[in-house]
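For reference, the structure discussed in these notes is given below.
Coordinate-derived values only; no laboratory data. Owing to the predicted nature of the structure, the values given are computational and were not obtained by experimental measurement. FYI the Cβ positions are ideal-geometry reconstructions off the backbone, even for glycines, and counts take in every protein chain you see.
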Amino acid sequence: MKLNSTDALDVLQKNLPATLLEKYGLAKTQTKEITHIGQLVPLLIPLKTDELFAAGINKFSREFRKAGVTVYSYHFDRGNPFETPLKGIAHHALDLAYTSGNFENAWPDKKDEQLSNALIKYWIDFANGKEPWDSAASGKALHITTDAETKVVPREKVTSRRWDGYVEMEKCWDKVRAVGNAMLLPKMGKL
C-alpha cells in the first residue's frame, strides 16, 4: 500500500487522542486542507522524531533522576554545516561529529570548530568525574544554539522542544509506538 495523506491521517486520528495530535498540528480541525502526502510529511517528522528520540530521552532522564542518578541534559540545535542534503538541519547524531574531534581542520565555519572544542572539553570533564554543566536536577540543561553557542539555561527556555507534546505522548506511550509502527507496515493501519 502506498502511503497517502488520507490513510495516514485516518490511522492517526482514529487511534491517537486529539490532545496529542493538536500539539503536532495533526488533529482533524488542523488538517482539513491537507490533500497530499507532501503537505503531511513536515507535520509527521516532529511526531516521529519525538516518538523515536526526544520524548523517550525526556522520560528516561526524569526516571533516572527519580532513582537518584545524576543526569546531565543537553539539547543540540546547531544545523549541519556541511554541504549535504541535511545542511542546516540539526539531526540525530550530528553532535557526534562535534564531540569526536575528527573534523578539526574541516569545519566550514570557525564557530563550529569552537563549538567542537567546547563539547570535547565538556565530555572529557564528564568522563573524569567533573560536573560538565548544571545537572538536570537543577531544572537546567546545556543548550547548543543554532548559532553554535553553548548556554546553560532553564530547560523550558529551550523552545525548539515540544515539552507539552512529550507530556501528551507519555500518557499513551504504547499506543503512540503501535501507531508509529503500523504506519511503517506495508498494509498500513493493522493495529
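Below are the figures for this structure:
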| read-out | value |
| --- | --- |
| Charge dipole (debye, nearest 20) of the chain; +1 at Cβ of Lys and Arg, -1 at Cβ of Asp and Glu | 640 debye |
| Charge dipole of region 78-157 about the Cα centre (unit charges at C-beta), most positive-ward option of Asn117, Pro85, Thr146 | Thr146 |
| Where N is the number of residues in region 29-125, Cα Rg divided by 2.2 N^0.38 Å | 1.39 |
| Of all DSSP beta bridges in the chain, antiparallel share, percent nearest 5 | 55 percent |
| MRE, 222 nm, helices only [DSSP H, n ≥ 4, -39500 (n - 2.57), over the chain, to nearest 500] | -14000 deg cm²/dmol |
| Dipole in debye (nearest 20) - region 78-157, about Cα centre, beta carbon charges: Lys, Arg +1; Asp, Glu -1 | 200 debye |
| Length gained when the stretch Thr6-Glu170 is fully extended (0.36 nm per residue, less Cα-Cα span) | 56.5 nm |
| Once the Cα gyration tensor of region 34-191 is diagonalised, semi-axes √(5λ) in Å | 30, 23, 13 |
| Cα pair distances exceeding 15 angstrom across region 79-133, given as percent | 50 percent |
| Relative compactness, region 95-168, computed as alpha-carbon Rg over 2.2 N^0.38 Å | 1.24 |
| Packing-based order for 83-94, 137-148, using average beta carbon neighbours within 10 Å, highest first | 137-148, 83-94 |
| Among the listed pairs Lys110/Lys130; Lys14/Lys48; Lys59/Lys175; Lys87/Lys151; Lys121/Lys151, those beyond 20 Å (Cα-Cα) | Lys110/Lys130; Lys87/Lys151 |
